[in-house]
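The values are calculated or read from the model by the stated rules, or taken from the named source; none is laboratory data. Model, not experiment: these values are computed from the prediction. Counting neighbours? That spans all protein chains shown, and the Cβs are built from the backbone with ideal geometry, glycine included.
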Amino acid sequence: MGTITTAASIASAPDIATTAPQKPTTTTITLFTRHTEECNYRNNPQWKRCNCRKSLYIYENGKVHYKSARTRSWDQAERVAQTERDARDPVKIELAKIAAEQTAKQAASNEPLADCLDQWLKGRKNIGSTTKAAYQGFKRFVLKWAGEQGISAIGEVTADHLDKWVASWTRSTNTQGQNLTLLRSFFRWASTLRKIDDNPASALPSIRRENEEETKPLTPKQFDELLQATYRYDADRRRDMDKFGVDMRAVFMLQRWTGLRLSDALMLPRSGVHGNRIVTTIQKSKGEKPVKKIIDRLVPDAVITALNAVPVRKRMHPDQFFWSRKCDHRTLACMWTPRVRLLNKYLSFVDDDGKPINFHSHMLRDTFAVELLLSGMPLEKVSKLLTHESIRVTEKHYAPWVKDREKQLESEMIEAMQRMGATFSK
């Protein structure tokens with residue numbers, strides 16, 4: 001005889017001592033033999049050694065029912081009965097569930113890395129051809145590294161592997177940042193789908209953009225040189241679809257006169273232009289969640305003229321100047337970064353010491369801020385226009401130009417005093 005007894009949990013009550021416990025539920029599963037009329041042992045249902053059919057007596061939930069063991073062997077029937085008992089045993093049910101989960105996890109972690117990358121890429125449906133090419137390039141990048149490390153399954157990739165790999169990257173920091181974004185996205189996806197127990201990319205530190213901490217505003221002459229370089233850029237492009245000079249001039253003008261970051265400037269919708277006023281939504285990182293902020297600015301005629309010159313392209317959304325709406329703002333900026341970097345081929349920028357410097361789009365944001373400071377606008381107002389969370393951020397980047405403005409004001413004061421007849425011996 002086999003009996004399984006399970007006590008149901010006692011429901012919560014204000015006073016458990018006054019609550020009567022529920023009666024335990026008993027399940028009994030036993031074997032018996034269904035003898036034929038000709039069997040010599042038909043009066044003994046527990047006789048094991050005859051060739052009659054064996055059945056199960058099952059009592060549960062206060063009811064009795066019978067089930068054929070589908071065998072004439074008592075030993076085989078006992079195994080069937082034990083299977084029925086195990087199927088009702090809460091401990092064994094939970095253990096079986098845990099074992100199944102472990103088996104599923106093991107099977108998932110043994111999936112080929114290449115197959116997982118393919119599945120991840122197929123899920124990125126709403127992306128343009130350019131973005132898709134970047135994702136394919138990333139896939140080749142990962143598989144080349146995995147092959148060198150002897151890694152074939154996704155479960156073999158560890159946090160230590162990724163940390164050492166990222167530390168060995170030698171490409172530009174902008175490209176490294178883009179690859180790191182995709183790497184995090186892939187392993188976050190794999191972790192969500194439980195292909196791996198833990199996300200090995202979760203602890204990877206961020207990579208700063210190229211020249212991100214350097215504040216280098218352009219002079220009016222350098223800005224003109226930048227705009228002229230976009231024409232030479234187009235002249236070297238063989239296909240019309242690769243000519244983005246008019247787009248770059250519009251983006252650069254917009255950044256120069258609004259202080260928008262490249263990613264935010266690229267998101268400006270056509271419906272956001274009203275006369276000389278532009279209205280757009282920017283995304284700022286605040287902790288782990290992006291925060292959206294509406295920007296409403298008056299811009300010079302030259303900016304509107306440059307925007308109106310941007311053609312309506314088939315690859316772009318009809319209400320967008322530069323965006324297909326098939327990727328996010330960060331991916332869009334990464335797509336533009338190689339074009340902007342390529343302009344350095346046509347530029348001859350140098351610093352105050354005569355050393356060559358490369359152009360990057362953040363210089364236009366710096367130009368906007370520094371020109372306002374030198375024209376006499378208070379630092380706190382410039383900080384608001386840059387949408388900085390704190391004036392300390394503005395001071396960190398633009399403190400030297402605050403001092404230049406003070407020197408400029410002092411010079412103007414001395415000139416005014418001299419016109420009043422004052423003299424200065426030193």
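Whether any residue in segment 400-423 is polar (S, T, N, Q), closer than 30 Å to ALA229 by Cβ and either surrounded by fewer than 11 Cβ atoms within 10 Å (Cβ to Cβ) or touching a His at 6+ places or on another chain (Cβ under 9 Å) (or both) is what I want to check. No, the conditions are met nowhere in segment 400-423.
Candidates TRP169, TRP165, TRP189, TRP145: the one that is of a type in the set (Phe, Trp, Tyr) and part of a loop (DSSP other than H, G, I, E, B) is TRP169.
Quick one: would you say GLY123 is closer than 22 Å to PRO338 by Cα, modelled with pLDDT under 90, within 18 Å of the chain's Cα centre (by Cα) and of a type outside the set (D, E, K, R)?
no
Per the listing SER361, SER348, the residue uniquely touching a Leu at 6+ places or on another chain (Cβ under 6 Å), within 30 Å of LYS243 (Cβ to Cβ) and of a type in the set (Gly, Ala, Ser) is SER361. For segment 193-207, the condition of being within 19 Å of LEU342 (Cβ to Cβ) and charged (D, E, K, R) holds for none of the residues.
Scan segment 141-171 for residues that are acidic (Asp, Glu) and under 20 Å from the mean Cα position of the chain (by Cα) and jot them down. Matches in segment 141-171: ASP163 only. Residues considered: THR27, THR33, THR71, THR3. Of these, the only one that is touching a strand residue (DSSP E or B) at 6+ places or on another chain (Cβ under 8 Å), modelled with pLDDT under 80 and farther than 30 Å from ASN199 by Cα is THR3.
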